[in-house]
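Beneath this line is the structure, given in structure tokens, with notes to follow.
The values are calculated or read from the model by the stated rules, or taken from the named source; none is laboratory data. Everything numeric here is computed off the predicted structure, so don't read it as measured data. Glycine also receives a Cβ, built like all others from the backbone with ideal geometry; neighbour counts cover every protein chain displayed.
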């Protein structure tokens, strides 16, 4: 038994030395360029909403995010966004488009199980964690900040 | 100049995400969750607003701004209704993002066929 365990740990150690190291630098360059381009597109959209649709600078964030979500949902439907994700890694996952991609792709994946049990149930399968942690963190911090403002 | 800073700051946030994926070996879901929490923490110290002022969409497009908007909505209502406001206002500013993600996600799933 102990010998088997030894082998297992040895195997993990040995296999680690043979695993290819991820190309850290190139991955970062790709993530930087793709992530930066998505944000530049967002800046373009928000300036458009400010100039043509009378949104204020602060309010323009909402329609911008909604437009980016629409674009990335469509790109996911056409299968383009997943290819971009393989190339860019975090560059396509970190912007809000990655959030929309995870919603749409998990909904599409379970389409065969029907609209209620498949699509609707699995819509937030991946994105749910983002909302849960965001809300919990914002709630706790909000209470702390409010209490802090009462003290001062 | 707005576009340059949006590109640089947005790309920079993505580099941090890529390093968390490659070096710290986190899954994309872990990275996204920690970024949302990080955005809320930065907003608690009023730092994220300064980043948005400086970088525009470079700060509002990454998922960190989701945490920032959640806290902002909560604090706006807290000013009016106190402790209840924190719970009431939490989705106030993010409703556009979540509603459109649900709507478009559902419509695309109905129209398109899954690939692969």
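Counting only residues that are at the interface with chain B (Cβ under 9 Å from one of its Cβ atoms), modelled with pLDDT of 90 or more and not in a helix (DSSP H, G or I), segment A:37-77 holds 0 of them.
Among the residues of segment B:43-61, which ones are part of a loop (DSSP other than H, G, I, E, B) and within 7 Å of another protein chain (Cβ to nearest Cβ)?
Of everything in segment B:43-61, those that are part of a loop (DSSP other than H, G, I, E, B) and within 7 Å of another protein chain (Cβ to nearest Cβ) turn out to be B:56, B:61.
Pairing residues of segment A:1-25 that are under 30 Å from residue B:15 (Cβ atoms) with residues that are assigned to a helix (DSSP H, G or I) and at pLDDT below 70, at Cβ distances under 8 Å and at least 6 apart in sequence or on separate chains, gives no pairs at all.
Considering B:78, B:57, B:38, the condition of being touching a residue at least 24 places away in the same chain (Cβ under 8 Å), out of contact with any strand residue (DSSP E or B) (no Cβ under 9 Å at 6 or more places or on another chain) and within 23 Å of residue A:148 (Cα to Cα) is satisfied by B:38 alone. Filter segment A:22-33 down to residues that are more than 7 Å from every other protein chain (Cβ to nearest Cβ) and touching a helix residue (DSSP H, G or I) at 6+ places or on another chain (Cβ under 9 Å) and give me whichever is modelled with the lowest pLDDT. The selected residue is A:23. When B:96, B:74, B:40, B:101 are checked against the criterion of being at pLDDT 90 or above, assigned to a helix (DSSP H, G or I), under 30 Å from residue A:113 (Cβ atoms) and at the interface with chain A (Cβ under 8 Å from one of its Cβ atoms), B:101 stands alone in meeting it.
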